[in-house]
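The values are calculated or read from the model by the stated rules, or taken from the named source; none is laboratory data. Note that the coordinates shown come from a computational prediction; the quantities given were computed from them, not determined experimentally. With ideal geometry, Cβ positions are generated from the backbone for all residues, glycine too; neighbour counts draw on all protein chains shown. The protein model used for the area step is the full one, side chains on, heavy atoms only, and it has no ligands, DNA or RNA in it. Shrake-Rupley method; radii C 1.70, N 1.55, O 1.52, S 1.80 Å.
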Amino acid sequence: QVQVVESGGGLVQAGGSLRLSCAASGRTFRNYGAAWFRQAQGKEREFVAGISWSGGSSSSADSVKGRFTISRDNAKNTVYLQMNSLKPEDTAVYYCAASSRKYFGDSSDYYDYWGQGTQVTVSS
């Protein structure tokens, strides 16, 4: 069983930065793939970035490529999302997800565990 809790969201001006954290319980988390998704009001949840269990493989959506970076520290059971050059269209609730399949996918169905989400609001 794995539980994940997101933190680090908030209100930021366009062009600013935030770092989201996803803290996981359970010693097996280091064997899980992980990802960040987001859901804007009135829209479907979308993949933002994913990372493999070792951190050796990662990918991000075209809409955030070059601005957002996903990373993980398995010693701390934590996955991060560094978000730079934020835009108003990045405003959403951001969710952390974990997959027992060690790698990541861009579909919500790939993931077994989800956090409650953290709100990110970017003002223009």
> Taking every DSSP beta bridge that has both residues in the chain, what percent is antiparallel when rounded to the nearest 5?
Replying inline: 90
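Using packing as a proxy for protection, rank 53-65, 77-89 so that the peptide with the highest average count of other Cβ atoms within 10 Å comes first. Don't skip to the answer; put the middle values down first.
Numbers: 53-65: 14.8, 77-89: 18.5.
Ranked by mean Cβ neighbours within 10 Å, highest first: 77-89, 53-65.
Would you please give the FRET efficiency between residue 102 and residue 67, computed as 1/(1 + (r/R0)^6) with r the Cβ-Cβ distance and R0 = 25 Å, to the nearest 0.05? Don't skip to the end; give the middle numbers.
Details: r = 26 Å, r/R0 = 1.06.
Approximately 0.40, to the nearest 0.05.
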> In the chain, carbon and sulfur make up what percent of the accessible area (probe 1.4 Å)?
Replying inline: 43
> What does the accessible area per residue of segment 14-124 come to in Å², with a 1.4 Å probe and no ligands, DNA or RNA counted?
Replying inline: 50
> Among 64, 79, 35, which residue has its Cα positioned farthest towards the positive end of the charge dipole of the chain, with +1 placed on the Cβ of Lys and Arg, -1 on the Cβ of Asp and Glu, and the dipole taken about the Cα centre?
Replying inline: 79
>> Could you put 102, 43 in order of accessible surface area, largest first, with the 1.4 Å probe and the full protein assembly present?
In response: 43, 102
>> I'd like the per residue volume of the convex hull spanned by the Cα atoms of segment 1-110, given in cubic angstrom.
In response: 94
